[in-house]
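Structure record follows, encoded as structure tokens.
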Amino acid sequence: MVCRGLLLRLEREGYIVLPPRKSTPQNPFLHRKAPEPVEVDESLIETSLQELSPIILRQVRRTHFERLFNGLIAQYHYLGYTHPVGEHLKYVAFFHDRPIACLAWSSAAWHIGCRDRFIGWAPEVRKKNLHLLAYNSRFLILPWVQVPHLASHLLAKCAKVLSLDWQRLYHHPIYWLETFIDTERFKGTCYRAANWILLGKTTGRGKNDQTQIPNRSIKDVYGYPLSRDFRARLCYG
């Protein structure tokens with residue numbers, strides 16, 4: 001797709017002439033089917049974290065549980081389901097075979113000023129090592145699950161296994177986690193309780209901004225290092 005896009009751009013700018021187009025196939029990325037609805041037990045789970053045991057956290061990407069993850073996010077997350085871009089993993093937390101939460105991790109944002117200043121890497125090094133970061137794009141505790149401290153517990157549990165799971169699928173580790181918190185909706189309490197670091201705020205302009213004018217809600221940026229020497233690993237050129 002990258003090569004095709006380059007050829008089309010070269011033709012638009014008059015550098016080459018391509019042969020006549022034979023067909024215009026549908027773009028599967030523009031016509032994805034919405035996740036199918038899933039049926040789960042919605043009876044109330046109201047207990048303490050100590051009593052909610054055992055909690056099994058499963059990485060479900062490319063497994064038969066992925067349909068469950070997609071359906072739950074589509075039905076119960078306020079942002080709905082969108083297919084992650086680039087490298088990504090999906091987790092479902094279970095209690096006695098009942099799903100209680102979902103977490104999604106995907107490729108990190110290309111540039112975040114407060115994050116990049118905190119890490120201290122040069123632009124050239126960032127381009128080279130950005131794949132060593134993961135972005136928490138979705139976090140859902142199902143609405144009938146009312147367990148204090150569950151959210152921070154799941155974040156900590158996921159942080160322990162994410163790098164190894166990433167390496168199994170993509171053949172490289174992860175050294176840094178990050179997420180955005182919509183301050184008009186949430187306070188980020190569970191991330192702070194799980195020792196994530198508040199780095200600063202977004203500009204509210206989005207990644208493709210050309211106007212320098214805010215066009216979306218300002219979000220808090222949180223980060224979490226997965227190793228003590230994360231700066232040395234991420235800044236290695």
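The values are calculated or read from the model by the stated rules, or taken from the named source; none is laboratory data. Every value quoted in this text rests on a predicted model; they were computed, and no experiment measured them. Methodologically, a virtual Cβ is constructed for each residue, glycine included, from the backbone with ideal geometry; neighbour enumeration extends over all protein chains shown.
So is Arg21 in contact (Cβ under 8 Å) with a residue 24 or more places away in the chain, part of a loop (DSSP other than H, G, I, E, B) and either farther than 30 Å from Lys128 by Cβ or of a type outside the set (Val, Ile, Thr) (or both) or not? Judged against the criteria, Arg21 is not a match. Annotation: Ala109 fulfils all but one of (1) of a type in the set (A, V, I, L, M); (2) at pLDDT 95 or above; (3) surrounded by 13 or more Cβ atoms within 10 Å (Cβ to Cβ); the unmet one is (2). Can you name every residue in segment 138-150 that is more than 12 Å from Cys102 (Cβ to Cβ) and buried (at least 20 other Cβ atoms within 10 Å of the Cβ)? Of everything in segment 138-150, those that are more than 12 Å from Cys102 (Cβ to Cβ) and buried (at least 20 other Cβ atoms within 10 Å of the Cβ) turn out to be Val147, Leu150. The residues on offer are Leu154, Leu164, and the sole one that is touching a residue at least 40 places away in the same chain (Cβ under 8 Å) and among the aliphatic types (A, V, I, L, M) is Leu154.
Candidates Asp165, Asp229: the one that is under 16 Å from the mean Cα position of the chain (by Cα) and modelled with pLDDT of 95 or more is Asp165. Residue pairs whose Cβ atoms lie under 6 Å apart, separated by 6 or more positions or on different chains, with the first residue in segment 59-85 and in contact (Cβ under 8 Å) with a residue 24 or more places away in the chain and the second among the small types (Gly, Ala, Ser) and in a loop (DSSP other than H, G, I, E, B), are Ala74/Gly80.
Only a single criterion out of (1) in contact with a strand residue (DSSP E or B) (Cβ under 8 Å, 6 or more places away or on another chain); (2) farther than 17 Å from Tyr222 by Cβ is not satisfied by Tyr170, namely (1). Per the conditions (1) within 23 Å of Tyr236 (Cα to Cα); (2) buried (at least 16 other Cβ atoms within 10 Å of the Cβ), the sole criterion not satisfied by His172 is (2). Pairs meeting the criteria (first residue in segment 179-201 and surrounded by fewer than 13 Cβ atoms within 10 Å (Cβ to Cβ), second residue among the β-branched types (Val, Ile, Thr) and modelled with pLDDT of 95 or more, beta carbons under 9 Å, at least 6 apart or on different chains) are Lys187/Ile181. Can you confirm whether His77 is surrounded by fewer than 22 Cβ atoms within 10 Å (Cβ to Cβ) and either among the aliphatic types (A, V, I, L, M) or at pLDDT below 95 (or both)? Against the criterion (surrounded by fewer than 22 Cβ atoms within 10 Å (Cβ to Cβ) and either among the aliphatic types (A, V, I, L, M) or at pLDDT below 95 (or both)), His77 does not qualify. Within segment 94-117, one or more residues are within 24 Å of His64 (Cβ to Cβ), assigned to a loop (DSSP other than H, G, I, E, B) and not acidic (Asp, Glu). Scanning segment 35-68 for residues that are of a type in the set (Ser, Thr, Tyr) and at pLDDT below 95 returns a single hit, Ser53. Condition check: surrounded by 12 or more Cβ atoms within 10 Å (Cβ to Cβ), modelled with pLDDT under 95 and on the phi < 0 side of the Ramachandran plot. Does Thr211 satisfy that? So Thr211 does not fit the description; no.
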